[in-house]
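Colleague: First the structure, which I've put down as structure tokens, then a few questions once you've had a look.
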Amino acid sequence: MSLLVTGTIGIDTLHAPTGEASGVLGGSCAYFAAAASQLTPVRVVGAVGGDWPEAHERQLRAFRNICLDGLERRANSQTFAWGGRYFDNMNRRETLFTRLGVLEEAPPKVPAKYLDSRTVFLANSHPLVQLDLLRQFKDRPFAVCDTMDLWINIARPELMQLLSEVDGVIMNDEEAMQLTECRNVVTAGRQVLANGPRSFVVVKKGEHGAILIHRDGVASVPAFPADLAQVVDPTGAGDTFAGGFMAHVARAGRNDFDTLRHAMAWGTVLASFTIEAFGLERLARLDAGQVDDRFRAFRAMTAFDAHR
Ligand code: AMP
């Protein structure tokens, strides 16, 4: 089942206790695609401006399995840019600036040859851009979205509309609680599901793993255990979780509860690599053997036998 993603492709500036990175390749769509491409081919729909560096384009092209035919280059526009700073324990961060750039313009168009995509991820972006993309498909694909505090604050009605048109949403615990005003993540997830997506909500809890709240059941996975020494830059962990999750759904060709439960494990494994280096560095030098080895290790850590 072909996988398509839209979201931000941007220029990030990161400050962490482990170091700094200025003007690096980032954006929700870039992280998602880099992770998903480790498991299955992925089609990218997005837009960048005249300031988009050649080097970033090369870096993205170096991922085999990412198709960039849906990337619009707009000479007179500005690329999305974001800056963030992590606090000491790396679990929390603050946004220093967000420059919307191309996000304030007409959304990118899905190329005709991509319209047969059956699995679609609307990575973090303005909900109107996400809605516009989804509505370009005549045959409704299996569609999942992400969101962020900024959009809950400035575009809540549009976000609620988006949620009512997708199959699932992947969001973090703070966002789920902000959206619903519930103080418990499971209750918040259930409430999001009651008011929105057709099938499921995944609530990510950072170093505490993720919960799947589905109309057919509930499942939970821990995070892959990492000690602080291994965490260099958590940026993109959420997007790469989504990349591994959706790539597994696309390659399985199914989207039932049990497939989504397994997809959470693949998302967790991919996210555990992202945080080991700044930006997309770690994903750029990842190979299938390393992914499979870590998946096996994760399965061994989380499997239980009823009879022992
Ligand atoms: P994550 O750490 O998974 O939340 O994703 C971080 C990435 O999301 C960075 O590369 C940013 O460029 C991008 N980003 C930050 N804020 C936004 C936003 N409001 N909308 C879309 N993408 C964003």
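The values are calculated or read from the model by the stated rules, or taken from the named source; none is laboratory data. Remember, it's a predicted structure, so these values are computed and weren't measured experimentally. As a convention, Cβ positions derive from the backbone with ideal geometry for all residues, glycine included, and neighbour counts pool all protein chains shown. Areas reflect the complete protein model, heavy atoms only, side chains present, ligands, DNA and RNA absent. Shrake-Rupley method; radii C 1.70, N 1.55, O 1.52, S 1.80 Å.
Colleague: Of 55, 30, which residue is surrounded by fewer than 22 Cβ atoms within 10 Å (Cβ to Cβ), at pLDDT 95 or above and small (Gly, Ala, Ser)? Can you show your working first?
Modeller: Numbers: 30 fails: surrounded by fewer than 22 Cβ atoms within 10 Å (Cβ to Cβ).
None of the others qualify; the one that does is 55.
Colleague: Follow-up question, since we're still on this one. Only one of these is in a helix (DSSP H, G or I), out of contact with any Cys (no Cβ under 7 Å at 6 or more places or on another chain), touching a residue at least 60 places away in the same chain (Cβ under 8 Å) and closer than 24 Å to residue 66 by Cβ: 120, 102, 144, 129. Name it.
Modeller: Working: 120 fails: in a helix (DSSP H, G or I); 102 fails: touching a residue at least 60 places away in the same chain (Cβ under 8 Å); 144 fails: in a helix (DSSP H, G or I).
From the options 120, 102, 144, 129, the qualifying one is 129.
Colleague: Then there's this: Given the conditions (1) under 26 Å from residue 251 (Cα atoms); (2) surrounded by fewer than 22 Cβ atoms within 10 Å (Cβ to Cβ); (3) modelled with pLDDT of 95 or more, which single one is not true for residue 64?
Modeller: The one condition residue 64 does not meet is (3).
Colleague: Residue 111 passes all but one of (1) away from the ligand (no atom under 13 Å from the Cβ); (2) out of contact with any Pro (no Cβ under 9 Å at 6 or more places or on another chain); (3) more than 26 Å from residue 246 (Cα to Cα); which number fails?
Modeller: All conditions pass for residue 111, except number (3).
Rundown of residues vs (1) out of contact with any strand residue (DSSP E or B) (no Cβ under 9 Å at 6 or more places or on another chain); (2) closer than 28 Å to residue 110 by Cα; (3) of a type in the set (A, V, I, L, M, F, W, C); (4) modelled with pLDDT under 95, yes/no style:
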site: 138; (1), (2), (3), (4): yes, yes, no, yes
site: 155; (1), (2), (3), (4): yes, yes, yes, no
site: 174; (1), (2), (3), (4): yes, no, no, yes
site: 181; (1), (2), (3), (4): yes, no, no, yes
site: 199; (1), (2), (3), (4): no, yes, no, no
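Colleague: Something else: Can you tell me which residues in the stretch 73-97 are surrounded by fewer than 18 Cβ atoms within 10 Å (Cβ to Cβ) and more than 11 Å from the ligand (Cβ to nearest atom)?
Modeller: 73, 74, 75, 76, 85, 87, 88, 89, 91, 92, 94
Colleague: For a quick check of your reading of the model, give me the residue pairs whose first member lies in the stretch 289-308 and is touching a residue at least 40 places away in the same chain (Cβ under 8 Å) and within 17 Å of residue 263 (Cα to Cα), whose second is aliphatic (A, V, I, L, M) and not in a loop (DSSP other than H, G, I, E, B), with beta-carbon atoms closer than 7 Å and at least 6 apart or on different chains.
Modeller: Listed pairs, sorted by first residue: 291/269; 294/269; 298/265; 298/269; 302/221.
Colleague: From the list 22, 37, 28, exactly one residue is within 16 Å of the ligand (Cβ to nearest atom) and out of contact with any helix residue (DSSP H, G or I) (no Cβ under 7 Å at 6 or more places or on another chain). Which is it?
Modeller: Details: 37 fails: within 16 Å of the ligand (Cβ to nearest atom); 28 fails: out of contact with any helix residue (DSSP H, G or I) (no Cβ under 7 Å at 6 or more places or on another chain).
Of the residues listed, the single one that is within 16 Å of the ligand (Cβ to nearest atom) and out of contact with any helix residue (DSSP H, G or I) (no Cβ under 7 Å at 6 or more places or on another chain) is 22.
Colleague: Right, here's the next one. Among the residues of the stretch 132-147, what is the count of those that are over 23 Å from residue 248 (Cβ atoms) and within 16 Å of the chain's Cα centre (by Cα)?
Modeller: If we filter the stretch 132-147 for residues that are over 23 Å from residue 248 (Cβ atoms), which is where we start, we get 132, 135-136, 138.
This time we only want the ones that are within 16 Å of the chain's Cα centre (by Cα), so: none.
Total meeting the criteria: 0.
Colleague: Go through (1) hydroxyl-bearing (Ser, Thr, Tyr); (2) open to solvent by less than 20 Å² (accessible area, probe 1.4 Å); (3) away from the ligand (no atom under 13 Å from the Cβ) one by one and return the number of the condition residue 147 breaks.
Modeller: Tallying (1) hydroxyl-bearing (Ser, Thr, Tyr); (2) open to solvent by less than 20 Å² (accessible area, probe 1.4 Å); (3) away from the ligand (no atom under 13 Å from the Cβ), residue 147 fails exactly one: (3).
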